[in-house]
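Before any comments, here is the structure.
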Amino acid sequence: MMKQLHILVLNGPNLNLLGTREPGHYGAETLAEINQKLVSLADTLGVELTTLQSNHEGELVEYIQKAGQDSVDGIVINPAAYTHTSVALRDALLATRIPFVEVHLSNIHKREEFRHHSLLVDAAIGTVAGFGPSSYTMALRGIVEQLQYKQGE
Ligand code: DQA
């Protein structure tokens, strides 16, 4: 019997405002609604899911460190603005060695130049960007598939 996978979905700054924040870029769904869909997808996939959000870089670092201590198997992370700036988040993810997928609601490559660069992407399993809330469900399916494949190796 394989161990039940535990996935953390981590959201960075301003994503608590989804629903009202720049709907042209981010759509009309709230973070609570997105998380609810992820919880039911996790149930279907048979994995344990934790969802967290913070507007603070240091708190996000602490959540990642704690995920390392708690033996979380994979992280789906939308680092939001910290995608483009945070060496600290990159270092935390590398330190815990937890496989992760980077997620964006919007297609960051089609937006301002400063959003084209991610400090995390080369350390990620992969990235999903541009599908709105579906970016998260695609990322969850993707990371679970990868981890289950590895478990079976
Ligand atoms: C975002 C894209 C980032 O550039 C931006 O700072 C965000 C959200 C997205 O999900 O599309 O806050 O990560």
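Throughout, read-outs are computed from the coordinates displayed, never taken from laboratory work. This one's a predicted model, so the numbers in the text were calculated from it and none came from an experiment. Because the Cβ atoms are built from the backbone with ideal geometry, glycine has one as well, and the counts that use them run over all protein chains shown.
Can you tell me how many residues in the range 26-53 are of a type in the set (Ser, Thr, Tyr) and surrounded by fewer than 19 Cβ atoms within 10 Å (Cβ to Cβ)? Show your work before the answer.
Within the range 26-53, the first condition is being of a type in the set (Ser, Thr, Tyr), and the residues that meet it are 26, 30, 40, 44, 50-51.
So of that shortlist, the ones also surrounded by fewer than 19 Cβ atoms within 10 Å (Cβ to Cβ) come out as 30, 40, 44, 50.
Total satisfying the criteria: 4.
Against the conditions (1) over 20 Å from Thr137 (Cα atoms); (2) within 14 Å of the chain's Cα centre (by Cα), where does His116 fall short? Just the number, please.
With respect to (1) over 20 Å from Thr137 (Cα atoms); (2) within 14 Å of the chain's Cα centre (by Cα), His116 is out only on (2).
Output the residues belonging to the range 3-37 that are in a helix (DSSP H, G or I) and free of Cβ contacts under 8 Å to residues at least 60 places away in the same chain.
Of all residues in the range 3-37, those in a helix (DSSP H, G or I) come to 15-17, 23-26, 31-37.
Those that are in a helix (DSSP H, G or I) and free of Cβ contacts under 8 Å to residues at least 60 places away in the same chain: Asn16, Leu17, Pro23, Gly24, Leu31, Ala32, Asn35, Gln36.
Scan Ser71, Ser106, Ser118 and give me the residue that is among the hydroxyl-bearing types (Ser, Thr, Tyr), in contact (Cβ under 8 Å) with a residue 40 or more places away in the chain, crowded, with 18+ Cβ neighbours inside 10 Å and part of a loop (DSSP other than H, G, I, E, B). Walk me through it before giving the result.
Working: Ser71 fails: crowded, with 18+ Cβ neighbours inside 10 Å; Ser118 fails: in contact (Cβ under 8 Å) with a residue 40 or more places away in the chain.
Going through Ser71, Ser106, Ser118 in turn, just one is among the hydroxyl-bearing types (Ser, Thr, Tyr), in contact (Cβ under 8 Å) with a residue 40 or more places away in the chain, crowded, with 18+ Cβ neighbours inside 10 Å and part of a loop (DSSP other than H, G, I, E, B): Ser106.
Filter the range 74-113 down to residues that are near the ligand (Cβ under 10 Å from one of its atoms) and under 12 Å from the mean Cα position of the chain (by Cα), then give me how many there are. Working first, answer last.
Taking the range 74-113 and keeping what is near the ligand (Cβ under 10 Å from one of its atoms), we get 77-85, 102-108, 111-112.
Checking the rest, the ones that are also under 12 Å from the mean Cα position of the chain (by Cα) come to 77-80, 83, 102-105.
Qualifying residue count for the region: 9.
Pull up the range 58-68, narrow it to residues that are more than 16 Å from the ligand (Cβ to nearest atom) and touching a residue at least 24 places away in the same chain (Cβ under 8 Å), then point me to the one that is nearest to His6 (Cα to Cα).
It comes out as Ala67.
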